[in-house]
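Please read the structure below before turning to the comments.
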């Protein structure tokens, strides 16, 4: 008898390559950026000082930390509609073991929407 994980993998295989949809947008405001800066100790002006960023940054506004953007992935994924909820039956936990070749090709500017992940 297959385990829940084995059943889930079989269901997920049938969904491979098919779009699941797009979730809601999340506004990235200065308060969120500042909270992340406090949590990580990264208070570089480009993130936390709107006046200095307006003067010296090529973006003219503060931007979210790259790691803040990455750290939102689990939250953003929760907004994606499930194509087949049976693939999650009996699954109690998942483990993040890392990301390969992550690049951040453009900044997330303060007060801009960050899209929930479309798969």
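Ordered by the number of other Cβ atoms lying within 10 Å of each residue's own Cβ, fewest first, 109, 101, 13 fall into the sequence 101, 13, 109. For a quick check, take a GNM of the chain with Cα springs below 10 Å and name the residue from 88, 97, 59 with the largest mean-square fluctuation. Its mean-square fluctuation being the largest, the pick is 97. Name the most mobile residue of 103, 32, 86, meaning the one with the largest mean-square fluctuation, in a Gaussian network model of the chain with Cα contacts below 10 Å. Highest fluctuation of the listed residues: 103. Pick from 71, 106, 57: which is most flexible by mean-square fluctuation in a GNM of the chain where alpha carbon atoms under 10 Å apart are linked? Per the Cα network of the chain with a 10 Å cutoff, 106 tops the list. Kirkwood radius, the stretch 44-109, all distinct C-alpha pairs, inverse of mean reciprocal distance: 14.9 Å.
The alpha-carbon atoms of the stretch 4-115, seen along their principal axes, cover 55, 25, 25 angstrom, with the largest extent given first.
Cα-based radius of gyration for the stretch 27-80, normalised by 2.2 N^0.38 Å, reads 1.19.
All of the numbers you see were taken from the coordinates with simple rules; none came from a lab. Not measured: the values here are computed from a predicted model. We place every Cβ from the backbone using ideal geometry, glycine too, and count neighbours over all the protein chains shown.
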